[in-house]
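The structure under discussion appears below in the form of structure tokens.
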Amino acid sequence: MDEIRNLIARFANSFDLKDWKGMQSLLMEQVSCDYKSLRKTKLILTAEEYVQQRIDALEKLQTQHLFSNLEISITNDHATCRCSALILRRLEEVFFNTHAIYEFTLFYKNNQWLIGKIKQEVLWNEGNPGIHAGVATT
């Protein structure tokens, strides 16, 4: 379970450090992404596409992704991890923060855990969504 905790922590930190190559190394070749509650999208993306979307939306922002309350269950070669998240975003003096629950599905492949599914359920947002290109406007 420590290996999964560390992977989720590296995933969160990769956003804040803008470690895009590191982020991509944590993902399966294809990732199912359910961001309906923030972006109104549910897509299957390549790892490269997923990372590029994050670069496009977050490169100019200061961020801090805080994940806690990890609930992990492992069955053979896949695992689920549900956690609480607080995502802080700032552009100069303007902020947009998200309080959410994430559910990750991880797969054990080539002797390592990788993220294959990501679901974000927003509990609430606060601040100015105009600073975040990844927010649906409708």
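Listed values for segment 16-27 are Karplus-derived 3J(HN,Hα) couplings in whole Hz (6.51 cos²θ - 1.76 cosθ + 1.60, θ = phi - 60°), namely 6, 8, 6, 8, 5, 5, x, 4, 4, 5, 8, 10, and x replaces Gly and Pro. Which part of segment 102-138 falls in the paramagnetic zone of residue 3, meaning amide N under 14 Å from the point 7 Å along Cα-to-beta-carbon? From segment 102-138, the list is 106-115. Rounded, prolate or oblate, given the Cα gyration tensor of segment 19-64, with a/c below 1.5 counting as rounded? It comes out oblate by the Cα gyration axes. Packing here is the average count of other Cβ atoms within 10 Å per residue, and on that basis the peptides 22-32, 73-83, highest first, run 22-32, 73-83. Note down the net charge around residue 103, summing +1 for each Lys or Arg and -1 for each Asp or Glu among other residues with Cβ under 11 Å from its Cβ. For residues surrounding residue 103, the net value is 0.
For segment 99-114, putting each phi into the Karplus relation 6.51 cos²θ - 1.76 cosθ + 1.60 with θ = phi - 60° gives couplings of 9, 8, 10, 9, 10, 9, 10, 10, 10, 8, 9, 6, 6, 8, 7, 9 Hz, in residue order, rounded to whole numbers and with x for Gly and Pro.
Of interest is the spacing of the C-alpha centroids, which for segment 1-58 and segment 90-105 amounts to 14 Å.
Our estimate of slack between residue 107 and residue 37, defined as 0.36 nm per intervening residue step minus the Cα-Cα distance, is 22.8 nm. Near the amide H of residue 41, within less than 5 Å, lie the amide hydrogens of 35, 36, all on another chain or at least 5 residues away, with H placed in the peptide plane.
Start at zero, step by 5 Å, and the Cα-Cα distances of segment 2-128 spread as 2, 11, 20, 26, 23, 12, 4, 1, 1, 0 percent across the bins.
Shape analysis of segment 76-137 places it in the prolate category; the axes a ≥ b ≥ c from the Cα gyration tensor give an a/c of at least 1.5, with a/b above b/c. Using a cutoff of 8 angstrom between alpha carbon atoms and counting only pairs six or more residues apart, the relative contact order for the chain works out to 24 percent.
FYI, it's all coordinate maths here, none of it is from the lab. Please read all numbers here as calculations on a predicted model, not as lab measurements. No Cβ is skipped: glycine too gets one built from the backbone with ideal geometry, and neighbour counts run over all protein chains shown.
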